[in-house]
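To keep things clear, I will list the structure first and then write my remarks on it.
Just so it is clear, none of the values below were taken in a lab; they were calculated from the coordinates. All of these numbers come straight from a predicted model, not from anything done at the bench. Because the Cβ atoms are built from the backbone with ideal geometry, glycine has one as well, and the counts that use them run over all protein chains shown.
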There are 2 protein chains.
Amino acid sequence: LAFTSNRVQRLRRLCNDKAERAQENAFVIEGATLIDEAIRAGIVIESQFVAPGASPCSGAGSAVNDLADGVMERIASTASPQPVIAIALKPKLHIADLALATNAQWIVVVDKISDPGNLGTILRSAEAAGATAIALTSGTVDAFSPKVVRASAGALFNIPVYEGVTVEEIGEMGFALWGSSSHEMQNSSVFTAADLSGKVAIVLGNEAHGLSTNTKLDGWLTIPHAGRGESLNVAMAATLLCFEVKRQHDI
Amino acid sequence: LAFTSNRVQRLRRLCNDKAERAQENAFVIEGATLIDEAIRAGIVIESQFVAPGASPCSGAGSAVNDLADGVMERIASTASPQPVIAIALKPKLHIADLALATNAQWIVVVDKISDPGNLGTILRSAEAAGATAIALTSGTVDAFSPKVVRASAGALFNIPVYEGVTVEEIGEMGFALWGSSSHEMQNSSVFTAADLSGKVAIVLGNEAHGLSTNTKLDGWLTIPHAGRGESLNVAMAATLLCFEVKRQHDI
């Protein structure tokens, strides 16, 4: 296919345009390693696009489009493009399922995080630590953008991601809301001393502004540092908090 | 100063060239926030370079060079260059000091890590968790490159960094060597169950190849995952391991 083909133009829009991804309920996965991981995780691959000389991933059972020379370079989101790109369908989720979580389950709520690398790391931490799901408020970077897909290193395919939620509705589902803060807050606990053993939600706020202090939470978690004040970023804090919940849940 | 000035050309070499940094024992700090952090930490600022319209950082007591229009854009390592750049002196360290560490002290050894972002995160974790020092084997990315300086978010200024060490000599100094592995190894312990309360070194290996299994260690640490196999990268593992050592050292 040439760069001007309708199918290539659609692929390019799905790479670059959040609204297009939302409307089509589809997203783009770059590279055979990630596509294979998605297939293993049961993600439906709609079609693949293959640069000259490369092979499509097997097991996808999907339409394969051969690209003309130089087309991949004009589509891909990285300087050294992968020779295979896939369009995948976003898993269909119902927020009602999250309300059915038992006391043994816990989740991560991401409120207006803007950096794709941070969201990718948070997805990896939550998935590795056995979280039931991740919930994103509107205003958070799109978890299905190529950058987050790449940064999540496949974790995105292995944990349900609920989009467009509010912190309040997570609280109404019976999750105890624990906010993460780099500052000492009223009603804050050292993360290893708080009781995170039940149906809890770890709530992470924006890199620059944190969580609004108006957010109604059950408590704030702090990570004491031996060094200077704000040494950890939100993604590093998320890793520590997720594995503390894992420890307390005995997962 | 014009781009062709000797001082600007030297600044550019210090940005781009590891050998130049090693020979001069100097490195480059980009941006007022990081320069201020360095000054607070007692790093010696040799000189500053200032774009038209910007102000130098105060408290540095160092020579200030005003750059001509457009020069900063040709030097800086980022797409949106900071208006102030400083040349700083690398702290002088003696490996013999590390040998004097007490049983209450612990360090991180970085063996051939290649990604600047990963080393930056490891520096932040080690500093925040109260490590006495970081030691780098040769073959590790330069901790004083602009990318690592930026990624460490100031942690580099607040923890001693020993370069060109070997894992063996750290062991000979009496540190118990604990390697991090994403695979189950012979002689491996779950990180929260290992005794890390004494004079220990957490040893982190290359992103792709890990630590050589020939490395003589006192033990291997594993981080059990609830999700898929290799969900965490070496920087995330470092964060968890450093804070576990912190917990056991009661820092």
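Quick check: from the Cα gyration tensor, does the stretch A:99-145 come out rounded (a/c under 1.5), prolate or oblate?
oblate
Using only helices, what value at 222 nm comes out for chain A when you add -39,500 (n - 2.57) per DSSP H run of length 4 or more and divide by the total residues, to the nearest 500 deg cm²/dmol?
Counting only the DSSP helices, I get -8500 deg cm²/dmol.
Which far-off residues, 5 or more places away or on another chain, put their amide H under 5 Å from the one on A:Ala63, with H placed in the peptide plane?
Placed amide hydrogens put A:Gln48 under 5 Å from A:Ala63.
Restricting attention to the stretch B:122-212, which GluC sites (Glu not before Pro) occupy a DSSP loop and are surrounded by at most 12 other Cβ atoms within 10 Å?
Here the GluC sites (Glu not before Pro) that fit, given the DSSP loop and packing criteria, are B:Glu184.
Quick one: angle between helix B:6-16 and the longest Cα principal axis of chain B, in degrees between 0 and 90, rounded to 10, please.
In chain B, helix B:6-16 runs at an angle near 20 degrees to the longest axis.
Taking beta carbons within 10 Å but only from partner chains, what does the mean come to for residues A:219-225?
Per residue, the number of nearby Cβ atoms from other chains is 3 on average.
Round to a whole angstrom and tell me the spacing of the C-alpha centers of the stretch A:178-251 and the stretch A:24-52.
Centre-to-centre distance over Cα atoms comes out at 34 Å.
State the volume of the convex hull built on the alpha-carbon positions of the protein assembly as shown, expressed per residue in Å³ and rounded to an integer.
Residue-normalised Cα hull volume stands at 172 Å³.
Put one equal scatterer on each alpha carbon of the stretch A:106-251, apply the Debye formula with no solvent term, and list log10 I(q)/I(0) at q = 0.13, 0.15, 0.19 1/Å to two decimals.
Per q value, in the given order, log10 I(q)/I(0) is -0.49, -0.67, -1.12.
Got a sec to turn the phi values of the stretch A:44-51 into Karplus ³J(HN,Hα) couplings, 6.51 cos²θ - 1.76 cosθ + 1.60 with θ = phi - 60°, whole Hz, x for Gly and Pro?
Karplus-based 3J(HN,Hα) across the stretch A:44-51 equals 7, 8, 7, 7, 10, 10, 10, 6 Hz.
Take the Cβ-Cβ distance between A:Ser138 and B:Ala226 as r, set R0 to 30 Å, and report the resulting FRET efficiency rounded to the nearest 0.05.
So the FRET efficiency works out to roughly 0.60.
If you take every DSSP beta bridge fully contained in the protein assembly as shown, what fraction is antiparallel? Give it as a percent rounded to 5.
If we restrict to bridges inside the protein assembly as shown, about 30 percent are antiparallel.
Enter the angle in degrees (range 0 to 90, nearest 10) between the Cα long axis of helix A:234-249 and the first principal axis of the Cα atoms of chain A, meaning the one along which they spread out most.
Roughly 70 degrees between the two axes.
By DSSP, what percent of the beta bridges with both residues in the stretch B:27-144 are antiparallel, rounded to the nearest 5?
Among the beta bridges of the stretch B:27-144, antiparallel pairing accounts for roughly 55 percent.
What's the longest uninterrupted piece of chain B once you rule out the trypsin sites (Lys or Arg not before Pro) that are loop residues per DSSP with at most 10 other Cβ within 10 Å?
Longest site-free region, per DSSP loop and neighbour criteria: B:93-215.
For chain B, modelled as a GNM with alpha-carbon contacts under 10 angstrom, which of B:Gly130, B:Gly227, B:Gly61 fluctuates the most?
Largest GNM mean-square fluctuation: B:Gly227.
If you take every DSSP beta bridge fully contained in the stretch B:153-251, what fraction is antiparallel? Give it as a percent rounded to 5.
Here the antiparallel bridges make up roughly 10 percent for the stretch B:153-251.
Compute the acute angle (0 to 90°) between the alpha-carbon long axis of helix B:116-128 and the principal axis of greatest extent of the alpha-carbon atoms of chain B; round to the nearest 10°.
The angle comes out at about 70 degrees.
Can you list residues from other chains, or at least 5 along the same chain, whose modelled amide H is less than 5 Å from the amide H of B:Val203?
Result for B:Val203 returns B:Val109, B:Trp178, B:Gly179, B:Ser180.
With 22 Å as the limit, write out which pairs from A:Lys112/A:Lys147; A:Lys246/B:Lys147; A:Lys92/A:Lys216; A:Lys147/B:Lys246; A:Lys112/A:Lys216 have Cα-Cα distances beyond it, or answer none.
Beyond 22 Å between Cα atoms: A:Lys246/B:Lys147; A:Lys92/A:Lys216; A:Lys147/B:Lys246.
Where a ≥ b ≥ c are the square roots of the eigenvalues of the C-alpha gyration tensor, would you call the stretch B:1-148 rounded, which needs a/c under 1.5, or, failing that, prolate if a/b is larger than b/c, or oblate?
prolate
Work out the charge dipole of the protein assembly as shown with +1 on the Cβ of Lys and Arg and -1 on the Cβ of Asp and Glu about the Cα centre, then indicate which of A:Ser114, A:Thr132, B:Met185 is farthest towards its positive end.
Positive-end residue among those listed: A:Ser114.
Does the stretch A:1-48 come out rounded, prolate or oblate, given a ≥ b ≥ c as the square roots of the eigenvalues of its C-alpha gyration tensor, rounded meaning a/c under 1.5 and, failing that, prolate meaning a/b above b/c?
The shape class here is oblate.
Report the paramagnetic label zone for B:Thr102: residues of the stretch B:117-134 whose backbone N is under 18 Å from a point 7 Å from Cα along the Cα-to-Cβ axis.
Hits in the stretch B:117-134 for B:Thr102 at 18 Å: B:130-133.
If you average the sequence gap of Cα pairs under 8 Å that are 6 or more apart and divide by the length of the stretch B:127-251, what percent do you get for the contact order?
Once normalised by length, the contact order is 29 percent.
Kirkwood Rh over Cα pairs of the stretch A:156-211 into Stokes-Einstein at 37 °C, 0.692 mPa s: D in µm²/s?
252 µm²/s
Per the Kirkwood definition applied to all pairs of different Cα atoms, how many angstroms is the hydrodynamic radius of chain B?
The answer is 19.1 Å.
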